[in-house]
Amino acid sequence: MKKISKDINIIFAISLIVSVLFVVGIPLIAVFAGDNWILMTLGIIFVVVGFYGSPLLWISYAGKRRTRRVIEAIEEENLYINSEIASQLSMKEKEVKQEIYKAINKKYLTGYIYDGEKITANNKQKQTPALHIKKCNNCGGKLEIRDDKWYCPYCEMTFTFEEIK
């Protein structure tokens, strides 16, 4: 939840700045139209970036908020089936499914397994390689690998990999 909240705050700040640039750019063009070409050009850039960028950024912001709301329904309201989430959030099941996939792909929602219809907690543990401790055939001590052979530091015997099973 922290990751998506951070992303939402960043996109909100950028959207707000770009919107303010649009508003500031208009007077810059009008006031400095003939006198100062640098400030007028800056005003034109602000207006263009604000005019085209603001709607796109605000739409992106709304989409992230929507994704966070689905995550909240799963993590805080304990809703785990598409139909339950859709009913609670007044969304279509297809939209809920897309939001869950988006949250999983962006790693906003971790620790769950999603089968396309319901989401369940992932109780599986990370697999670790089995630790194979080889013992010396001569004295029973723990063997080490040296120069592509098994070596016993206690009795100083050396074995090939085939000899130790």
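A short reminder: the numbers here are calculations on the coordinates, not readings from a lab. The structure displayed is predicted, hence computed values, not measured ones. When we count neighbours, we look across all protein chains shown, and the Cβ atoms used for this are built from the backbone with ideal geometry, even at glycine.
Checked against (1) closer than 30 Å to residue 15 by Cβ; (2) under 20 Å from the mean Cα position of the chain (by Cα); (3) of a type outside the set (Val, Ile, Thr), residue 121 passes all but condition (1).
Every residue, every condition in (1) polar (S, T, N, Q); (2) touching an Asp or Glu at 6+ places or on another chain (Cβ under 9 Å), yes or no:
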residue	(1), (2)
67	yes, yes
73	no, yes
80	no, no
83	yes, yes
86	no, yes
102	no, no
109	no, yes
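Surrounded by 13 or more Cβ atoms within 10 Å (Cβ to Cβ) and either over 23 Å from residue 106 (Cα atoms) or free of Cβ contacts under 8 Å to residues at least 24 places away in the same chain (or both), is that true of residue 39? Yes, satisfied. Would you mind stating whether residue 62 is assigned to a helix (DSSP H, G or I), hydrophobic (A, V, I, L, M, F, W, C), touching a helix residue (DSSP H, G or I) at 6+ places or on another chain (Cβ under 7 Å) and within 30 Å of residue 113 (Cα to Cα)? Considered against the rule, which asks whether it is assigned to a helix (DSSP H, G or I), hydrophobic (A, V, I, L, M, F, W, C), touching a helix residue (DSSP H, G or I) at 6+ places or on another chain (Cβ under 7 Å) and within 30 Å of residue 113 (Cα to Cα), residue 62 comes out as no.
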